[in-house]
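J.: Sharing a structure here in structure tokens format.
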Amino acid sequence: MAANIVTLIWWLLEVVSLTQPLILAPPQPPSWPETFSVSFQEEQHISILPVSKNTGAWYYDFGNGKARFDHLQGQKDNFCSGRGLQLKDSRGDCHLLFNTTDMHVHYPREQQCCRACGAAEGCTVLKPTWLAGAKYLGKENISGMVCHGWEVRGTAAMDRWYQTEDGTPCRYWERISYWPHPVHTITFNISTYRLGPIPTSVFDVPEYCSRACPSPWTPPVKMEY
């Protein structure tokens, strides 16, 4: 009789364990590959009001300490804007050129360029591990793909990063920490994502880019999340 009761208890425990949902640890924040390129669609909003909408591309080569972020026609990027350059079209194509010591703002169509900031202001190539310690947000369908998301507080914004299971980038989202708290969204064109070497000429700083910007970029003094 006692043996039958013990058997019954074990059977019930097995049934309970099989019917309980399996609790898995959330995925760990990813690291970027050391070299990649990808194009994107970019939008900025303040509340529900659209500010800008344009295309662009990222070229990233951390191993060589280089990066180039292109914000194309229609952009209103906060690094590109307000640098004091004499431009015919301040919303024209703008390339941000990063190396280990400087970031330059370059308007190639107008051959206008200047050094906007450097390492002291945090204007260097983003580390592949910048998402370390990020909070997992779960899955989201982006452009028809299932993407995992993470959130981390940056220097001047709350940042979110989404990528597929195999590491292909889906979206970058940020809410700027200072008033009026614009929201900036970059949705990547997944089919354009490429790993591997990038021609060094992509990162060349033009010879005419030898001066400091009349209005250098400075990080915000007070953060308001």
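The values are calculated or read from the model by the stated rules, or taken from the named source; none is laboratory data. Just so it is clear, the structure is predicted and the values come from calculations on it, not from any experiment. FYI the Cβ positions are ideal-geometry reconstructions off the backbone, even for glycines, and counts take in every protein chain you see. Just the protein is used for accessible areas: all its heavy atoms, side chains included, with ligands, DNA and RNA removed. Shrake-Rupley method; radii C 1.70, N 1.55, O 1.52, S 1.80 Å.
J.: Run the 1.4 Å probe and let me know the accessible area of S47, rounded to the nearest 10 Å².
T.: The accessible area comes out at roughly 100 Å².
J.: If you take every residue apart from D159 with its C-beta less than 14 Å away from the C-beta of D159, what net charge results, scoring Lys and Arg +1 and Asp and Glu -1?
T.: Around D159, the surrounding residues sum to +4.
J.: Ok, one more. Work out from phi, with θ = phi - 60° and the Karplus expression 6.51 cos²θ - 1.76 cosθ + 1.60, the ³J(HN,Hα) of each residue of the stretch 104-118, listed in order in whole Hz, and give x for Gly and Pro.
T.: 10, 9, 10, 9, x, 5, 9, 6, 10, 7, 7, 7, 8, 5, x
J.: Continuing with this model, one more query. How big is the accessible area of I48 in square angstrom, nearest 10, if you roll a 1.4 angstrom probe over the protein chains?
T.: Taking all protein chains as shown, I48 has close to 140 Å².
J.: Rounded to the nearest 10 Å², what accessible area does F203 show when all protein chains are kept and the probe is 1.4 Å?
T.: Estimated to the nearest 10 Å², F203 gives 20 Å².
J.: Which angle from 0 to 90°, rounded to the nearest 10, does the C-alpha axis of helix 2-19 make with the longest principal axis of the chain?
T.: 20
J.: Taking the Cα of Q111, stepping 7 Å toward and past its beta carbon, and measuring to each backbone N in the stretch 64-89: which are under 17 Å?
T.: It comes to 86-89, nothing else.
J.: Suppose every Lys and Arg Cβ carries +1 and every Asp and Glu Cβ carries -1, with no other charges. What dipole size does the stretch 116-209 come out with about its Cα centre, to the nearest 20 debye?
T.: It works out to roughly 300 debye.
J.: Could you check the simple spin-label distance between T101 and L49, using points 7 Å along Cα→Cβ, in nm with one decimal?
T.: If labels sit at T101 and L49, their model points lie 4.2 nm apart.
J.: Build a GNM of the chain with springs between Cα atoms under 10 Å: which of Q112, Q75, Q86 gets the top mean-square fluctuation?
T.: Q86
J.: To make sure I understand the rule: partners must be lysines, Cα under 20 Å from the Cα of K76, and not fewer than 8 residues away in the same chain. Which ones qualify?
T.: K53, K88
J.: Let me ask something else about it. Report the full-extension gain for the segment E165 to S143: residue separation times 0.36 nm, less the Cα-Cα distance, to one decimal in nm.
T.: In short, 6.5 nm is gained.
J.: Follow-up question, since we're still on this one. Do any GluC sites (Glu not before Pro) in the stretch 96-142 lie in a DSSP loop with no more than 16 other beta carbon atoms within 10 Å, and if so, which?
T.: Those that pass, being in a loop and sparsely packed, are E110.
J.: Would you work out the charge dipole size for the chain about its Cα centre, treating the Cβ of every Lys and Arg as +1 and the Cβ of every Asp and Glu as -1, and quote it to the nearest 20 debye?
T.: Computed about the Cα centre, the dipole is about 420 debye.
J.: With θ set to phi - 60°, apply the Karplus curve 6.51 cos²θ - 1.76 cosθ + 1.60 along the stretch 83-90 and write out the HN-Hα couplings as whole Hz, x wherever there is a Gly or Pro.
T.: Karplus values, whole Hz, x for Gly and Pro: 8, x, 6, 8, 10, 7, 9, 5.
J.: Can you find, among W130, P30, P219, the residue sitting farthest towards the positive end of the charge dipole of the chain, where Lys and Arg contribute +1 and Asp and Glu -1 at Cβ?
T.: My answer, from the dipole projection, is P219.
J.: Applying 1/(1 + (r/R0)^6) with R0 = 25 Å to the Cβ-Cβ distance of S31 and E121, what FRET efficiency is obtained, to the nearest 0.05?
T.: So the FRET efficiency works out to roughly 0.55.
J.: Among P26, P206, P128, which one shows the highest mean-square fluctuation when the chain is modelled as a Gaussian network with alpha-carbon springs under 10 Å?
T.: P26
J.: If I build a Gaussian network model for the chain, linking alpha-carbon pairs within less than 10 angstrom, which residue out of S39, S210, S52 has the largest mean-square fluctuation?
T.: Of S39, S210, S52, the Gaussian network model singles out S210 as fluctuating most.
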